[in-house]
Amino acid sequence: MKKYGLICLLLVLCMVWIGCSQAKPAPSEPSETEPPMVTEPVDTDPTEPDQPSDDGPGIGGGAESAILEYKYDQSKKIYALSTIFMALADPEDLSKWEELFVNEDGTTNYADKHLLSFIEQCNISKEAFVEANNNHVYPIFTDEEIDAIYSKDPKRLADYFANPHAIRVGNEIYTAKWVATHTVEEIASAGITLEELTTKYARWEKCGTLVTDIPARAQAKLAEYKEYVENKQ
């Protein structure tokens, strides 16, 4: 009887062992939570903390215009008229000044619509301008720049504000658009050398030709001017 009980016990243990060895763990349920998405860092060009911001609507056109058509350096805020200065003008004078730069086709002549003309047409006093400038969070112009603006001296204006992409001869500033729309005789009379024109054109040609045809016209003028100079030698 004891022998029979022992055999039964052994059979039970064998069955348990076989069942455990064949049992497989149940697959875990998939997580309903998606793993967090890894975002690549964005390459940004942060603004310097001490860089004064332009809180006005701005005057100038696109980047190509700034290079090809403007006499003055757009980065010097000459074409970005801040609201702190606009507030100094009489509304009627400001409206008349705006109208001066509306072309017949409804477009705007941004090249001549700048701070210098605004001050003159709207009779903004230097004292009021200085006060508004210095009360700004960041003064937009230095004292030296303001002195140059109100001096109306072509040399001082060119020294401080000349467009680096334009050609400067003495105190005169000649843009790519000016070159493209004048004769080679006029270019020579202005004192522009072939070397200077060649150097500046290397900058002008980088502007998008889909936006303006000035680079292409300047290129044609450069070739014509080169021939003109060679024939004069």
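The values are calculated or read from the model by the stated rules, or taken from the named source; none is laboratory data. On a predicted model such as this, the values are computed, not experimentally measured, just so you know. As a convention, Cβ positions derive from the backbone with ideal geometry for all residues, glycine included, and neighbour counts pool all protein chains shown. Heavy atoms of the whole protein, side chains included, go into the accessibility calculation; ligands, DNA and RNA do not. Shrake-Rupley method; radii C 1.70, N 1.55, O 1.52, S 1.80 Å.
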Problem - Single unsatisfied condition, residue 150 versus (1) within 19 Å of residue 67 (Cβ to Cβ); (2) assigned to a helix (DSSP H, G or I); (3) modelled with pLDDT of 95 or more - result: (1)
Completion exercise
Expected output for segment 187-210 (first residue farther than 13 Å from residue 164 by Cα, partner of a type outside the set (A, V, I, L, M, F, W, C) and modelled with pLDDT under 90, Cβ below 7 Å, 6+ apart or cross-chain) is 207/64; 208/64
Problem - Meets criteria (surrounded by fewer than 19 Cβ atoms within 10 Å (Cβ to Cβ), within 30 Å of residue 225 (Cβ to Cβ) and of a type outside the set (Ser, Thr, Tyr)) for residue 136 - result: no
Problem - Selection count where residues are among the hydroxyl-bearing types (Ser, Thr, Tyr), under 19 Å from residue 111 (Cα atoms) and open to solvent by less than 60 Å² (accessible area, probe 1.4 Å), scope segment 151-200 - result: 2
Completion exercise
Those helices (runs of 4 or more DSSP H) completely within segment 158-223 that have 2 or more residues that are within 26 Å of the chain's Cα centre (by Cα) are 176-180, 194-204
Problem - helices (runs of 4 or more DSSP H) contained entirely in segment 74-127, each with at least 1 residues that are modelled with pLDDT of 95 or more and either at positive phi or open to solvent by 60 Å² or more (accessible area, probe 1.4 Å) (or both) - result: 91-99, 115-121
Exercise for the section: Report the residue count in segment 201-214 for those that are open to solvent by less than 40 Å² (accessible area, probe 1.4 Å) and touching a Pro at 6+ places or on another chain (Cβ under 6 Å). Expected result: 2
Handout entry: Checking residue 148 against (1) touching a residue at least 40 places away in the same chain (Cβ under 8 Å); (2) of a type in the set (A, V, I, L, M); (3) crowded, with 17+ Cβ neighbours inside 10 Å, the condition it does not meet
Key = (1)
